[in-house]
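Undergrad: Below: one structure in structure tokens.
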Amino acid sequence: MCIFLNKEFRIGTYIRTIFGLERNIIHSSMKLVTYLREETDQLALLVNDQLYNTQELHEELPNNMQLFLLMWDDVIDIARQVEADLKKGHRVGRALPIPLNGVTLMAPVPFPTSCRDGYAFRQHVASARRNRGLDMIPEFDQYPIFYFTNHNAIQGPGPISCMPDHFEKLDFELEVAVVLNRFGRNIPAEEADNYIAGFMIMNDMSARVLQMEEMKLNLGPAKGKDFSTVIGPMLVTPDELEAFKVPAKPGHTGNNYNLVMTCQVNGVEVSAGNMADMDWTFAEIIERCSYGVNIMPGDVIGSGTVGTGCFLELNGTGKLHDPHYTEQWLQPGDEVTMEITGLGILTNTIEEEAADISLLALKKQFLHR
């Protein structure tokens, strides 16, 4: 989706950003939701389980998340004021309340400009390596890393369509994600939290057999990850989480939060962790992402998997202690429910796509003489 802005807005935003004229960061405390309205994406404020369409609250508020993020510094004060009026019970603009449970939710950021995923939790990395008989890699403590995933496969709550090969060890990954709200380049970690519009739950879906096969060639992950990345159910701005703020780990820079993270499969809890266990902060990840690169409003960045946050780690730990341990992987019809303090509940159902195409079967064999 292409977004065209008027020339004055684009040039003005560029000049203010490049020359540092927008240093007075306006903080807001909001929950933003995108839902399907007449076959398109509609942005709304969430107040007391009711949705209010942004453009009906105020004529200067954009009706979709892409424009809202691009225009953040120009519209955030307006949005903050109308939300405060709604919380007081006032009627605002032409907006009528819409029950949250009466709409089809989309990803809060349905068309991100890019999607990166980090590797921030030392517990997950150490456990996964230990389960494979490997020592902890020392480079983990030297710098944060990330990979790019398919930003066109972003989705929100609802069904996740999977091909036959995806069910060869289909996995969830319990994560937190942020989305950025301003342009930047070479951003120091000390300033990077000011580029975060808000937080969301992320489920980085993974087809482990495809992933492990292709990574034998030291490139990837690719087909093992590119079919679905789930974010939602809402975008929560940083001030909503102020009461949960905790110090970063010793030697690290940036905000962190005491947010309990859980995942249930078919109503049974399989994973529990805490965002406070992040070793690398989002600020430090943004610092690395922006090195020699322009970051943009709408860029989504995941934290990486929390400790115990996927079946790959859980199965490996189980087999390490019990050779007869029965592995568990996601199956057609499974319901995956993730919950993070302050960020809501994200629920998806695994569906099997009606197709018999197999990448695993499409392997060429060459005889070398």
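Undergrad: Among the numbered criteria (1) closer than 30 Å to residue 358 by Cβ; (2) surrounded by fewer than 24 Cβ atoms within 10 Å (Cβ to Cβ); (3) touching a residue at least 60 places away in the same chain (Cβ under 8 Å); (4) not acidic (Asp, Glu), which one does residue 196 miss?
TA: Residue 196 satisfies every listed condition except (1).
Undergrad: Consider residue 47 against the criteria (1) in contact with a helix residue (DSSP H, G or I) (Cβ under 6 Å, 6 or more places away or on another chain); (2) free of Cβ contacts under 8 Å to residues at least 40 places away in the same chain; (3) under 22 Å from residue 343 (Cα atoms): it satisfies all of them except one. Which criterion is unmet?
TA: It fails just one condition, (2).
Undergrad: Residue 233 - would you say it is within 20 Å of the chain's Cα centre (by Cα), under 16 Å from residue 46 (Cβ atoms) and in contact (Cβ under 8 Å) with a residue 60 or more places away in the chain?
TA: Here the answer is yes, as residue 233 does meet what is asked.
Undergrad: Then there is this: Look at residue 315 and say whether it is closer than 15 Å to residue 173 by Cβ and surrounded by fewer than 20 Cβ atoms within 10 Å (Cβ to Cβ).
TA: Considered against the rule, which asks whether it is closer than 15 Å to residue 173 by Cβ and surrounded by fewer than 20 Cβ atoms within 10 Å (Cβ to Cβ), residue 315 comes out as yes.
Each row is one residue, and each column tells you yes or no for (1) without any contact (Cβ under 8 Å) to a residue 12 or more places away in the chain; (2) crowded, with 20+ Cβ neighbours inside 10 Å; (3) of a type in the set (S, T, N, Q); (4) assigned to a loop (DSSP other than H, G, I, E, B).
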| site | (1), (2), (3), (4) |
| --- | --- |
| 32 | no, yes, no, no |
| 56 | no, no, no, no |
| 60 | no, no, no, yes |
| 63 | no, no, yes, yes |
| 77 | no, no, no, no |
| 92 | no, no, no, yes |
| 95 | no, yes, no, yes |
| 128 | no, no, no, no |
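Undergrad: Follow-up. Among (1) over 20 Å from residue 345 (Cα atoms); (2) touching a helix residue (DSSP H, G or I) at 6+ places or on another chain (Cβ under 6 Å), where does residue 247 come up short?
TA: In the conditions (1) over 20 Å from residue 345 (Cα atoms); (2) touching a helix residue (DSSP H, G or I) at 6+ places or on another chain (Cβ under 6 Å), residue 247 misses (2) alone.
Undergrad: One residue is enough: does segment 149-158 have a residue meeting the conditions in a loop (DSSP other than H, G, I, E, B), free of Cβ contacts under 8 Å to residues at least 24 places away in the same chain and closer than 30 Å to residue 242 by Cα?
TA: The answer is no, given that none of the residues of segment 149-158 is in a loop (DSSP other than H, G, I, E, B), free of Cβ contacts under 8 Å to residues at least 24 places away in the same chain and closer than 30 Å to residue 242 by Cα.
Undergrad: Taking residue 69 as meeting all but one of (1) part of a helix (DSSP H, G or I); (2) hydrophobic (A, V, I, L, M, F, W, C); (3) more than 22 Å from residue 240 (Cα to Cα), write down the number of the exception.
TA: Only one criterion is unmet by residue 69, namely (3).
Undergrad: Also, quick follow-up: Return only the number of the condition from (1) in contact with a His (Cβ under 8 Å, 6 or more places away or on another chain); (2) in a loop (DSSP other than H, G, I, E, B) that residue 224 does not satisfy.
TA: The single condition residue 224 does not satisfy is (1).
Undergrad: Which ones in segment 126-157 are closer than 23 Å to residue 225 by Cα and of a type in the set (Gly, Ala, Ser)?
TA: Once the filter is applied, which keeps residues that are closer than 23 Å to residue 225 by Cα and of a type in the set (Gly, Ala, Ser), segment 126-157 yields 126, 127, 128, 153, 156.
Undergrad: Also: Residue check: is residue 164 within 19 Å of residue 334 (Cβ to Cβ) and at pLDDT 95 or above? Don't jump to the end; show me each part of the working.
TA: Working: within 19 Å of residue 334 (Cβ to Cβ): yes; at pLDDT 95 or above: yes.
Yes, satisfied.
Undergrad: Would you mind listing the strands (runs of 3 or more DSSP E) fully within segment 260-369 where at least 1 residues are in the same structural domain as residue 153 (by TED's automatic domain parsing), over 26 Å from residue 249 (Cβ atoms) and hydrophobic (A, V, I, L, M, F, W, C)?
TA: 260-265, 268-274, 335-340, 344-352
Undergrad: Filter segment 274-292 down to the residues that are hydrophobic (A, V, I, L, M, F, W, C) and over 13 Å from residue 195 (Cβ atoms), then identify the one that is nearest to the chain's Cα centre (by Cα).
TA: 275
The values are calculated or read from the model by the stated rules, or taken from the named source; none is laboratory data. What you see is a predicted model; the values in this text were computed from it and never measured. Cβ sites come from the backbone with ideal geometry, for glycine too, and all protein chains shown count toward neighbours.
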